[in-house]
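Visitor: For reference, the structure I am asking about is given below.
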Amino acid sequence: MRVLLVGGGGREHALALGLAGDPAVEALVAAPGNPGIAAVAELREVTPTDPAAVAALAVEVAADLVVIGPEAPLVAGVADAVRAKGIAVFGPSAEAARLEGSKTFAKDVMTAAAVPTARAYTCEDAAAVGRALDEFGAPYVVKDDGLAAGKGVVVTDDRAVAERHAAECGRVVIEEYLSGPEVSLFVVTDGEAAVPLLPAQDFKRVGDGDTGPNTGGMGAYAPLPWAPPNLVDDVMRDVVHPTLAELRRRGTPFAGLLYVGLAITPSGPRVIEFNARFGDPETQVVLALLETPLAGLLHAAATGTLGAHPPLRWRDGAAVTVVVAADGYPAGPRTGDVITGADRAGIIHAGTRRDADGTLRSAGGRVICGTATGPDLAAARDAAYALVRDVELAGSHHRTDIAAAAVDGRVTIPG
Ligand code: AMP
């Protein structure tokens, strides 16, 4: 199988490792890729959000499968353009990707499918914002209606902050606050059959103890020792299958990766958000534990044959990833700094570039992730932090408490 992978962040590096490790893959091309991906794939230039350019590249490299990593190309219709060339593509149509691209659309689908989620209002002016904030009370949850790379959400007790965010965004979704630990569940689907991956937890806030602003994600671990045993089955029954059925009913079936972001509240799992692609950095830990060949699984989803795919196999043990972020991330990351100690197994490149002389430099907010597995969560955590300790990047910062509460048995479901 010849595979074209679109994207160039940490998620795509993790996907590249999985795809390159599948014996059925005879050639892996990544566009634009990054210096970490370059070790396992041929890199090509492309603008990932340009549907015609990506489709032309897929034809040129004679791809049997195109895997689209990030959300922006999906929302831009890249999967549609590739599919129109008769090439199998892992990633939903632009219509179905609205599940991530518009919070209002996602809420509408969830309401129609009776999916448990936070009550919400879409607001377009200050008066409507005021009414919604009054109704739900603090903590206030205000979400930009469009794509915002995980950073368009403000959760705050400060009403003035909530009102200011709403005014800056224009159209917002204001919703009820959900309390409880968060879970990311990835589901591979061909629109009808659906296969859950291991649930993972990520860390959205920039600082230890979940302090500071939201980020794209500062670390993750899997599996979740504290998760209720029936969690995945319940979410498949109450969330995933009703959502997929509603999208089929609307004539826009969702094929690709359905990312279900959940809060485990006292009254059960509630959807916080849907995404239309693998989450970053949870992908790094989930794929580190997946034993089933990745390209075969994604190809089955891309060709409507997932129902005939054998059950997934998982490695024993646990995986942890710790993100090393640039100085100033998330507000204004500084780029161009030299990175040393990153050319080793377990280091995932998220935002890096390489000079002609081989020097590795930071090129994004989240720069590298130290990803490790181990026989248990404590061992995986120690190994991930050992990787991060050896990386040097001026001004960088990382959280020191990734997976700590889970290791110590301190994650509890309220109520
Ligand atoms: P989102 O982009 O919708 O995933 O939101 C980013 C983060 O904001 C989530 O991972 C949660 O930590 C938090 N968040 C979003 N919606 C809610 C909610 N209704 N209640 C509590 N926290 C939320």
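The values are calculated or read from the model by the stated rules, or taken from the named source; none is laboratory data. Predicted model, so just to flag it, every value in this text is computed and none were measured. Positions of Cβ are generated from backbone atoms using ideal geometry, with glycine treated the same way; all protein chains shown enter the neighbour counts. Each accessible area value is taken on the protein alone, full model and side chains, heavy atoms only, with ligands, DNA and RNA left out. Shrake-Rupley method; radii C 1.70, N 1.55, O 1.52, S 1.80 Å.
Visitor: Kindly indicate the residue of segment 226-266 that is small (Gly, Ala, Ser) and in a strand (DSSP E or B) and also nearest to the chain's Cα centre (by Cα) among those meeting that condition.
Guide: Gly261
Visitor: Kindly indicate whether any position in segment 169-186 is farther than 25 Å from Val411 by Cβ, among the acidic types (Asp, Glu) and either more than 10 Å from the ligand (Cβ to nearest atom) or open to solvent by 30 Å² or more (accessible area, probe 1.4 Å) (or both).
Guide: no
Matching residues to (1) open to solvent by 10 Å² or more (accessible area, probe 1.4 Å); (2) at pLDDT 95 or above; (3) of a type in the set (A, V, I, L, M, F, W, C):
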{"site": "Ser267", "(1), (2), (3)": "yes, no, no"}
{"site": "Val271", "(1), (2), (3)": "no, yes, yes"}
{"site": "Pro281", "(1), (2), (3)": "no, yes, no"}
{"site": "Thr303", "(1), (2), (3)": "yes, yes, no"}
{"site": "Leu306", "(1), (2), (3)": "no, yes, yes"}
{"site": "Arg313", "(1), (2), (3)": "yes, yes, no"}
{"site": "Asp316", "(1), (2), (3)": "yes, yes, no"}
{"site": "Gly328", "(1), (2), (3)": "yes, yes, no"}
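Visitor: Examine segment 189-201 for a residue that is in contact with a strand residue (DSSP E or B) (Cβ under 7 Å, 6 or more places away or on another chain), open to solvent by less than 60 Å² (accessible area, probe 1.4 Å) and within 12 Å of the ligand (Cβ to nearest atom), and state whether such a residue exists.
Guide: For segment 189-201, residues in contact with a strand residue (DSSP E or B) (Cβ under 7 Å, 6 or more places away or on another chain), open to solvent by less than 60 Å² (accessible area, probe 1.4 Å) and within 12 Å of the ligand (Cβ to nearest atom): present.
Visitor: crowded, with 21+ Cβ neighbours inside 10 Å, within 16 Å of the ligand (Cβ to nearest atom) and part of a helix (DSSP H, G or I) - does that describe any residue in segment 49-71?
Guide: Yes, the conditions are met somewhere in segment 49-71.
Visitor: Do you know which residues across segment 15-30 are open to solvent by 10 Å² or more (accessible area, probe 1.4 Å) and among the aliphatic types (A, V, I, L, M)?
Guide: Leu17, Ala20, Ala24, Val25, Ala27, Leu28
Visitor: Kindly check whether there is at least one residue in segment 204-223 that is more than 16 Å from the ligand (Cβ to nearest atom), in contact with a helix residue (DSSP H, G or I) (Cβ under 7 Å, 6 or more places away or on another chain), part of a strand (DSSP E or B) and not aliphatic (A, V, I, L, M).
Guide: Among the residues of segment 204-223, not one is more than 16 Å from the ligand (Cβ to nearest atom), in contact with a helix residue (DSSP H, G or I) (Cβ under 7 Å, 6 or more places away or on another chain), part of a strand (DSSP E or B) and not aliphatic (A, V, I, L, M), which makes the answer no.
Visitor: Within segment 349-371, track down each residue that is within 14 Å of Gly216 (Cβ to Cβ) and in contact with a Cys (Cβ under 9 Å, 6 or more places away or on another chain).
Guide: Ala350
Visitor: Please go through segment 337-366 and give me each residue that is part of a strand (DSSP E or B), touching a helix residue (DSSP H, G or I) at 6+ places or on another chain (Cβ under 9 Å) and open to solvent by less than 30 Å² (accessible area, probe 1.4 Å), ordered by number.
Guide: Listed by number, the residues that qualify are Ile347, Ile348, His349.
Visitor: Within segment 133-164, count every residue that is assigned to a helix (DSSP H, G or I) and away from the ligand (no atom under 12 Å from the Cβ).
Guide: Residues in segment 133-164 being assigned to a helix (DSSP H, G or I) and away from the ligand (no atom under 12 Å from the Cβ): 9 in total.
Visitor: Does Gly86 count as at positive phi, open to solvent by 20 Å² or more (accessible area, probe 1.4 Å) and free of Cβ contacts under 8 Å to residues at least 60 places away in the same chain?
Guide: So Gly86 fits the description; yes.
Visitor: Which of the residues spanning segment 165-175 are acidic (Asp, Glu) and in a helix (DSSP H, G or I)?
Guide: Glu168
Visitor: While we're looking at this one, here's another question. Can Leu74 be described as open to solvent by less than 10 Å² (accessible area, probe 1.4 Å), over 18 Å from Asp343 (Cα atoms) and part of a helix (DSSP H, G or I)?
Guide: For Leu74, the condition - open to solvent by less than 10 Å² (accessible area, probe 1.4 Å), over 18 Å from Asp343 (Cα atoms) and part of a helix (DSSP H, G or I) - is met.
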